[in-house]
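Right, one structure below, let's go through it.
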Amino acid sequence: MTTAVGLGLTAADTATGRASDADGLPADVHSYLEDPERTGEGQEPPHARLRPDGPDREAWERSLDGRWRFALADRPEDAPRGFWKEDYNTATSGWKSVRVPHTWQTDDLDHPLFRNVQSEMVPDAPPKVPRDLNPTGAYVRTVEVPRDWDGRRQVIRFDGVTSGWFLWINGRYVGYDQGGYVPAEFDVTDYLHPGTNRVALQVHRWSAGSYLEDYDQWRYAGIFRSVTLYSTPTTWMRDAYVTTDLDDSYRDATLRTQVDIARTPGDTSGPHRVTGVLYDPEGREVKRLSAEEHNGTAELTGKVTDPAKWSDETPDLYALVLTLRDPGGKAVQTVRQSVGFREIEVKDKLLKLNGKRVLIRGVNRAETDPATGRHATRARMEQDIRLMKRLNVNAIRTSHYPSDPYLYELADREGILIDDEMEIETHSHESCPRDCLAERPEWRKAFLDRHRGMVERDKNHPSVILWDTGNEAGLGKAHFAMAEWTKQREPTRPLYHQSNWPDGDAPFADVAGPRYPTPASLESKAKSFTKPIVMGEYAHAMGNSLGNFREFWEVMRSQPRAQGGFIWDWAEQNIRRPLITTPDSSGNGVAASLSGKPEVVDGKSGKALYLSGLDDFVEVYRDPSLDLTGTAVTLDAQVKPAAPWTGDFTIVSKGDQYVLRMKDEDTLEFTITSQGGPRTVTAHVPEGWTGAWHRVTGTYDGTALRLFADGKQLAETAWSGRIDYTGFDLGVGRNNDAMEDGWTGRTAKGTIDRVRVYDTALGADRLAEDEDPERDALIALDFDEFTREGSYLSYGLYESGVDGLVTADRTPEPETAQLAWVQAPIRITAPSGDGPRAGKVTVTNERAFTGTSDLKLRWKVTEGAKTVAGGTRALDVGPGAAEDIQLPAPPANPGGYERHLIVQAVTARTTDWAKAGHVVSFGQFAVGGDTVPEPAARPGGGPARATESGDTVRVTGDGFRYTFDRKKGTLTSMRADGRELLRSGPELDAWRAPISNERSDWGTAEGKRWRTLGLDRLRTTVDGVAVTPGDDGTVTVSVRSTAAAPDVTGASFGQTVAYRVDGAGQVRIRHQVEARGDFRTLSYLPRIGLKLRVPQRYSTFRWYGRGPVENVNDRKDGTPMGVWSSPVRDQYVEYLKPQDHGNHDDVRWASLTDGRRRGLLVSGDLQAGATAYDQLDRAAYPHFLKRNDGWNTLHADHAVTGVGDTPNPVRDQYRVRADRAYDYTLTLRPLGPGTTAHTGRSSD
């Protein structure tokens, strides 16, 4: 059998260190795991998958997916001894049944770890792997080999296993593999026999190859792709390389197929012949081809006249059936290959497909699933492709490794372009040439082996248009070697390179792929570069994001060399974990839940939690009581430190605000942050520390920080000053400030029990007596009770993987409305002149190859929620063409109401990815009128009157009574028609729970400075109240006030709110507000406006503005104007890290009403939203959220800052400037059952 493995490796190379008859593990397993040049042993050379067709597939293939026996050990030396032997009994304890493909982490067998830049291995010392811990899985299953396979060749194929692993068949060693994402095949003819056979694997979580898989994703282990046993004749077609060269006019094609023919040793048959039959997409025979074998190769060549061309718009697939015939003409093997006639090239400094400039409307797609992890099920892949087609996505970058083979079949069939990225990312070692694995000669074979495996596997897929030499691995000698090999072996596709330095480019790259430019820098590059540009990563879609997206595509549509890009990224990578909560015994009910895979063990009394160091910790809701800013705190816990020391034992921490931890294996440390810096006391641990229970306490009383162990004071540091405020969550076993993106090393290792936080300093006397005043604590976690409350989606140590356009469960996020509109290949715009006001629009078809006969136009004219005209018509615009379309002119508008014409291009018939009527694109246009259709005002019954009594001002009129509080400076009641409409407000609305882009240090982390200045905790101080009756029957109540955080000086808002109440109960509000002091130095304010607390029974939110999904000023084109309605609960957007959501731009009016449409309406030139959650940022996850106690909040804002896209900040024009004054008006009024919030007309 062939044993040459990896580029340049010989059988002698791969067998080094093992005797030929050795069937067990090598004497030192690390001689394999830590050798980067030992990429494999005993494997077949990589090749395209040639599968038998029809009944032959059933006859000669056996899936080994399904149930396997499995045992997991902490280290290789702890794996079941001799489990690969034929007589080993896996029915013993420690073995369980698993369903392959799978991952250990999503099956809850091993600890899940998410890392971005940093390696998951500690220490990070390539090529060494951890010796204290390297989870090792033993797999065993049986397979029945049919008797008619005897005398043929048998091969076992593993499509994906990670990381280093060994294979045995029937107790005999077969081979080894150290790459995970391309197939590993082994000729097992000599190992199998008819009947029952035993297959065994030993898989290690970490090997040298893991350093090449430093992906910014969850890190997985296991057999995560399919396993197949198949049989071929002893002379067989080993590989086929199919190319389709189009002529200069891109009409006719030359079909070439190079077939490699191999033989088993001892096969003396003469030269064979290969015949081929080409069938068109309808199954009709097109051409017959034939070639004799010469020196193990047969090359079939033929001209094909004007075949249907493959493209993302026209995925026309032909079928090539290849038959190998022996010297007597007998067919011995038949296989089928899909063929797409297409040509991808760089010509005229453009990337062209079949001679046409192509636009890459792409996404980065990792293989991630909340239930199955790295194992991509067929159903999930099919769902992804359907969603992409609906969202006008036409391309995938397989970040950061080749995808499951089935994805390429789908892409071929459905028309998805693929940038095929090889399985290399060395993010923590990408600084070339200083710290760069690509520069080191001992890693070159591994780079080449992985790249060659991808190219050989995928070379026949028409969907693959770029060969990608890897992500974030710098630019080193190995990359140049891969490029050179590719241009010799498979030169029909351009090369692409995705390093950070240089920026998405390389001298050998045919296409530049800059990463995370701004629209302006992209435009500059497009004007100066001499090669086409396809952005490798851009428009980072973390959380509430995708601002600036239209501006990127304005560049793409104006600059020919800017040809699209791949958004980061497609789906959020969160995994589903059991939601296990533990109660707070202090009586305060602070919520806490487990993260990772902590183990419940015996404590000093009762139970405790053992934390492994592999991202095990306890998440705690950031209750306001824990935001200590006084001069006293106590942190107290029972701990049992573990050996060996692995780098961290954080006991309890609220970021760096207050921390109790082991600094190193010999040192205890207690820290508070005060006056902008850490204030610390440290002490050497007492004798007998490790492996024994101890009570550890840190106290601060405003004069000194003190450390205690077992009630005895160990050290003291003098300090006086208030504790600084931070917005970090409390963590047990984790510092939420330090252990974020960028954390290197392991997390806390040891056992923790009875964690307490007090807002007083417990004295030495109480500690010496071992008191536990848990009822005095702010929080007391005993870890004696645990409740399984279903499951939740976890992002792990930090939220870097929460950056998808769709959720982990594939629910499209609101930003996809903008995505689909901006990328739509059909553009509907207004022509010059009267245009839409006369019923005329321009339809531009950006498709390069197809017209629009698959679509039709659907249009309507709306007045508020009312449709006043509408219809459909055929659409026939040629590829690359534009046409003015005349629709019926909008009807007369005697009332002068604001009207809009919306024109949609919709699918004319149902496809396999969308139903008929699916909206591909739309344009919306104002077509006259300036009167806003809104509910009619309550009839007035006379003038408004004011009465004053103490701190209360009441304004009354016919059927209404409004109450102002002089001390608070707000309304405390709005009663109309016998119903209370308001809990409190309006109040200054300047804060938003920071969106992901505002929390990330990769961006500008505005949220941190907002909190430092107190923007999240403003309190209003009234400076003056004036009540002025008007000659027109109105009353004006003017309130001057200052808003600032109580613990911050030098940052405030000055404001005047004037409430003008008329006799109908309508309140016209003029709000003048300006930031003062340090607030003016902020890069921007989150928002400026007013917010109102409205009783919870008013739970229906209606608005006339953009919808139906949330939108902001830099992401609103995909959300049309209209009257929309939703329960307040449905306005909540479940971003996994809770953050600001639910805003709507261009709002004319918005209301909160009950079931009978009674409630409160606000109108003006607004941005508006409604929420039941005011304390979003206190929850690390949705399951921690606390609903407002009896109210919904209505945001009525004058301006809201956009969302931008990390790492690019919000563009200037979309910011609420902090250095200017604002002066605007809005109107509040009650709604009664006699009006409707849809059209403004009386209801029947």
Ordered by fewest other Cβ atoms within 10 Å, a rough proxy for footprinting exposure, Lys330, Lys640 read Lys330, Lys640
Note: Lys967 to Thr744 extended length (0.36 nm per residue) minus current alpha-carbon separation gives 75.2 nm
Largest first and rounded to whole Å, the semi-axes √(5λ) derived from the alpha carbon gyration tensor of the range 527-604 read 50, 15, 9
Stokes-Einstein, Kirkwood over Cα pairs, the range 11-232, 4 °C, 1.567 mPa s; D in µm²/s equals 72 µm²/s
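Compute the signed sum of charges (Lys and Arg +1, Asp and Glu -1) over the other residues within less than 9 Å, Cβ to Cβ, of Ala1043.
Surrounding charge for Ala1043 is 0.
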Fewest-first ordering of Glu980, Glu1074, Glu799 by Cβ atoms within 10 Å yields Glu980, Glu1074, Glu799
At R0 = 56 Å the Cβ-Cβ FRET efficiency linking Val1022 and Arg67, nearest 0.05, sits at 0.20
Mean separation of Cα contacts under 8 Å (at least 6 apart) over the residue count of the range 355-567, i.e. the relative contact order in percent, is 18 percent
Over its alpha-carbon atoms, the range 824-926 yields an Rg and a Dmax in Å of 14.0, 46
Other residues with Cβ under 13 Å from the Cβ of Ala944 give, with Lys and Arg +1 and Asp and Glu -1, a net charge of +3
Mean projected area, convex hull of alpha-carbon positions in the range 355-567, reported to one decimal in nm², is 12.2 nm²
Over all viewing directions the Cα convex hull of the range 653-723 casts an average projected area in nm² of 4.6 nm²
Scoring the chain by relative contact order with C-alpha pairs under 8 Å, at least six apart, yields a percentage of 8 percent
Treating only Lys and Arg (+1) and Asp and Glu (-1) as charged, each at its beta carbon, one finds that the chain has a dipole about its Cα centre, in Debye to the nearest 20, of 3760 debye
With the range 338-456 reduced to its Cα atoms and the Debye formula applied, log10 I(q)/I(0) at q = 0.14 1/Å amounts to -0.76
Note, Pro1029: beta-carbon cut-off 14 Å, +1 each Lys/Arg, -1 each Asp/Glu, net -1
Using the Kirkwood radius over Cα pairs of the range 251-339, the Stokes-Einstein translational diffusion coefficient at 25 °C and 0.890 mPa s, in µm²/s and rounded to a whole number, is 174 µm²/s
The exposure ranking of Glu669, Glu619, Glu144, fewest beta-carbon neighbours within 10 Å first, is Glu144, Glu669, Glu619
Once the mean of 1/r over all distinct C-alpha pairs in the range 583-785 is inverted, the Kirkwood radius in Å reads 16.4 Å
Between Asn548 and residues 5 or more places away or on another chain, the pairs with built amide H atoms under 5 Å apart involve Gly1204
Here the range 54-63 yields Karplus 3J(HN,Hα) values (6.51, -1.76, 1.60; θ = phi - 60°; whole Hz; Gly and Pro given as x) of x, x, 4, 5, 5, 6, 10, 10, 9, 6
Nearest-0.05 FRET efficiency for Asp348 and Glu883 at R0 = 25 Å, using Cβ-Cβ distance, is 0.40
Surpassing 20 Å at the alpha-carbon level, of the pairs Lys352/Lys477; Lys968/Lys1091; Lys349/Lys477; Lys527/Lys1116; Lys389/Lys840, are Lys352/Lys477; Lys349/Lys477; Lys527/Lys1116; Lys389/Lys840
Computed on Cα atoms only, the convex hull of the chain has an orientation-averaged projected area in nm² of 51.8 nm²
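Coordinate-derived values only; no laboratory data. As the structure is a computational prediction, the values presented were derived from the model and not from experiment. Note that we place each Cβ from the backbone using ideal geometry, even for glycine, and neighbour counts take in every protein chain shown.
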